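Below is one structure, written out as structure tokens, with a few remarks after it.
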Amino acid sequence: MTTKELAWKIRRHGIEMTHISAASHIGSVLSVADIIAVLYNDILNIDPKNPKKEDRDRFILSKGHAAASVYAALAEKGFFDVKELKTFYSDNSKFLGHISKEIDGVEFSSGSLGHGLPVAAGLSYVAKKENKPFYSYVVMGDGECDEGSVWEAALFAHHFKLDNLVAIIDYNKMQSLTTCEKTISLEPFGSKWKAFGWNVIECDGHNIEELKYSLSKDRSVKDKPTLVIANTVKGKGVSFMENNILWHYRYPHEGEEYDNALKELRAQKPDGCIDPYEVTK
Ligand SMILES: [Mg+2]
């Protein structure tokens, strides 16, 4: 499967999962889909047949509310049956709305924001100390950077020279209720991370090739943790959801919303890509 296909399938599953469960957070899932696809298809050293292998890269989705994107990627990579995604956010399902480590391939449950970077930094610290080869990757939201624990971890990672740590910001410039600018201004964002001693890379968070290049271990700088600011659009791929804060919480309702979202996504389907819902229905 190409990375473009995986990104499309993450969006396709995201629409279906939030529609069936009548649950959020589709805007975030669509925003982060390309980043998650590149990580799972091109970057992370992981094995669906051996999810706990010792030298695996550790990945943490710190913005745990975008769980559907990672569940979809794990299913498509073979960690479990794609059909299980239909239970997302429903009673007695292990596929919780905020990401859960009960799922094969998930390292850490999150949801309360600002916890992913500290944990990833701790994992990278242990890897260095014990001379282990793995990297830790963490995807954070921009709004999440309002949390003080993010900046404590930024200090820690620099102090301990964690060049085996890569943090990625899904920089869609929006957070739960409005824009980041109106909530807590982050700019000049990259300069702040640079001042904390990080290797800062900025890229288009919807351009697969740029993401591959930016997230590659080859872009690490000795003794510095890496931060990738991935510029994204909240709701990317469905025009009426793009940059519209309504879709942080709203789900695609039966009728026009669901139908039009699918119509738009289907028009973007890569050649040769099979729609998983055409097969399983
Ligand atoms: Mg955001």
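Below, the figures for the structure above:
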item	result
Test: residue in the stretch 89-108 that is closer than 22 Å to P225 by Cα and within 16 Å of the ligand (Cβ to nearest atom)	no
Check on L117, within 16 Å of the ligand (Cβ to nearest atom), at pLDDT 95 or above and in contact with a Cys (Cβ under 6 Å, 6 or more places away or on another chain)	no
Residue check for S191: assigned to a helix (DSSP H, G or I) and surrounded by 17 or more Cβ atoms within 10 Å (Cβ to Cβ)	no
Any hit, the stretch 169-184, residues being touching a helix residue (DSSP H, G or I) at 6+ places or on another chain (Cβ under 6 Å), buried (at least 19 other Cβ atoms within 10 Å of the Cβ) and aliphatic (A, V, I, L, M)	no
One residue from D170, D163 being within 28 Å of K77 (Cβ to Cβ) and not in a loop (DSSP other than H, G, I, E, B)	D170
The listed residue being farther than 24 Å from A120 by Cα and under 18 Å from the mean Cα position of the chain (by Cα), out of K236, K173, K217	K236
Tally of residues being farther than 25 Å from I208 by Cα and either surrounded by 14 or more Cβ atoms within 10 Å (Cβ to Cβ) or aromatic (F, W, Y) (or both) across the stretch 232-259	6
Residue within the stretch 126-145 that is in a helix (DSSP H, G or I), away from the ligand (no atom under 16 Å from the Cβ), within 26 Å of F79 (Cβ to Cβ) and not polar (S, T, N, Q) present	yes
Selected residue (criterion: nearest to F134 (Cα to Cα)) from residues of the stretch 17-33 that are out of contact with any Asp or Glu (no Cβ under 9 Å at 6 or more places or on another chain) and surrounded by 24 or more Cβ atoms within 10 Å (Cβ to Cβ)	A33
Long-range neighbours under 9 Å by Cβ, at least six apart or interchain, first residue free of Cβ contacts under 8 Å to residues at least 40 places away in the same chain and over 26 Å from E76 (Cα atoms) within the stretch 98-124, second part of a helix (DSSP H, G or I) and of a type in the set (A, V, I, L, M)	P118/V150; P118/A153; G122/A153
Any helices (runs of 4 or more DSSP H) falling wholly within the stretch 197-281 and containing at least 2 residues that are touching a Gly at 6+ places or on another chain (Cβ under 8 Å)	246-249, 256-267
Subset tally (residues that are within 16 Å of the ligand (Cβ to nearest atom) and charged (D, E, K, R)) for the stretch 25-55	1
Enumeration of residues in the stretch 214-231 that are crowded, with 22+ Cβ neighbours inside 10 Å and over 17 Å from Y171 (Cβ atoms)	P225
Single residue of the stretch 158-175 satisfying the filter (closer than 12 Å to N199 by Cα and among the charged types (D, E, K, R)) that is nearest to the ligand (Cβ to nearest atom)	D163
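The values are calculated or read from the model by the stated rules, or taken from the named source; none is laboratory data. Since we're looking at a predicted model, the values are computed, not measured. Cβ atoms come from the backbone with ideal geometry, glycine included; neighbour counts cover every protein chain shown.
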